[in-house]
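The values are calculated or read from the model by the stated rules, or taken from the named source; none is laboratory data. Remember, it's a predicted structure, so these values are computed and weren't measured experimentally. All Cβ positions, even for glycine, are placed from backbone atoms using ideal geometry, and neighbour counts span all protein chains on display. These area figures cover heavy atoms from the full protein model, side chains too; ligands, DNA and RNA do not enter into them. Shrake-Rupley method; radii C 1.70, N 1.55, O 1.52, S 1.80 Å.
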Amino acid sequence: VTVLFTDIRDFTTLSERHSAEEIVGFLNEYFGLMIDPILRHEGTLDKFIGDAIMAVFGAPVAHEDDPLRAVRAALDMRRALREFNRRQQRAGRPTIETGIGISAGEAVSGNIGSEQRLEFTVIGDTVNTSSRLEGLTKKFAPYRILVTRSVYEGVRGEVECVPLGTEPVKGKQEGVEIYGILDPPEN
């Protein structure tokens, strides 16, 4: 599977400055814009985790080009964020920044939970790595999308990726080879 993880930067600070109702409206609008690219590229919205989104490409339905689909969705998400921020600015509301981490590899998929509530999800190192890459985007500006070598191999020749070296990642014995992807150009 290919797992995409995205999160809003400094969301706690934003939440402290606005009412709960404003934050809910803000998140609903933002999530609506972010989900569309995931679904358009035939990914599965796995879950919302606070202000984060986890999406899976390759489960429950796999495609040969799942890494490319995930990266194209990420690029479309960055375009949608740019438009979202323009609307926010025009309305005098705060703008945001996000990071996106994408990893491909093995994962266990299925229904997880209890007798009272089950949810379909994927679990494994691939999921953890995509979450950690998302966090590393803070360190690697201007690259707001970071991918692993396995994703790079799936998009090489289609999407320009810049090698950024090997980085230590929390929870892993060895560093992860990462590649950065710049935001798409303005239309």
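Under a Cβ-only charge scheme (Lys and Arg +1, Asp and Glu -1), can you give me the dipole magnitude of segment 43-187 about the Cα centre, in debye to the nearest 20? Present the calculation step by step, with values, prior to reporting the outcome.
On the way: 19 positive and 21 negative charges, 154 e Å.
Taking the Cα centre of segment 43-187 as origin, the dipole is about 740 debye.
Based on Cβ point charges of +1 for Lys and Arg and -1 for Asp and Glu, what charge dipole magnitude is obtained for segment 127-187 about its Cα centre, in debye rounded to the nearest 20?
That gives a dipole near 320 debye.
At a 10 angstrom cut-off on C-beta neighbours, averaged per residue, how do the peptides 146-152, 124-130, 99-105 rank from highest to lowest?
Most protected by this proxy first, the peptides run 99-105, 146-152, 124-130.
Sort out for me the Cα centre separation of segment 1-62 from segment 98-165, rounded to whole Å.
14 Å
Mind telling me which of Glu174, Glu21, Glu119 comes out most flexible in a GNM of the chain, alpha-carbon contacts under 10 Å?
Comparing Glu174, Glu21, Glu119 in the GNM, the peak value goes to Glu21.
Based on the alpha-carbon gyration tensor of segment 114-187 and its eigenvalue square roots a ≥ b ≥ c, which shape applies: rounded if a/c is under 1.5, prolate if not and a/b is larger than b/c, or oblate?
Judged from the Cα gyration tensor, segment 114-187 comes out prolate (a/c at least 1.5, a/b above b/c).
May I ask you to list, by number, the DSSP H helices of the chain whose Cα span along the axis is at least 18 Å and whose average Kyte-Doolittle hydropathy reaches 0.5 or more?
Values: long enough: 20-40 (30 Å, 0.60); 66-90 (36 Å, -1.24).
Going by DSSP H runs, the hits are 20-40.
Shape of segment 88-151 from its Cα gyration tensor (a ≥ b ≥ c, root eigenvalues): rounded if a/c is under 1.5, otherwise prolate when a/b > b/c, or oblate?
Details: a/c = 3.80, a/b = 1.45, b/c = 2.62.
In terms of gyration-tensor shape, oblate.
I'd like to check one number: the per residue accessible area of the chain, probe 1.4 Å, reported in Å² as a whole number.
With all protein chains present, the chain gives 53 Å² per residue.
Residue by residue, what Karplus-based ³J(HN,Hα) values in Hz, rounded to whole numbers, does segment 141-147 have, using 6.51, -1.76 and 1.60 with θ = phi - 60° and x for Gly and Pro?
Using θ = phi - 60°, the values come out as 4, x, 7, 8, 10, 10, 10 Hz.
For segment 10-150, what is Rg from Cα atoms divided by 2.2 N^0.38 Å, rounded to two decimals?
Taking the Cα Rg and dividing by 2.2 N^0.38 Å, one obtains 1.09.
What list of ³J(HN,Hα) values in whole Hz, one per residue of segment 104-116 in order, does the Karplus curve 6.51 cos²θ - 1.76 cosθ + 1.60 (θ = phi - 60°) give from phi, with Gly and Pro shown as x?
10, x, 6, 7, 9, 10, x, 8, 10, x, 9, 4, 6
Would you please put 133-139, 36-42 in order of how densely packed they are, using the mean number of other Cβ atoms within 10 angstrom per residue and starting with the highest?
By packing density, highest mean first, the sequence is 133-139, 36-42.
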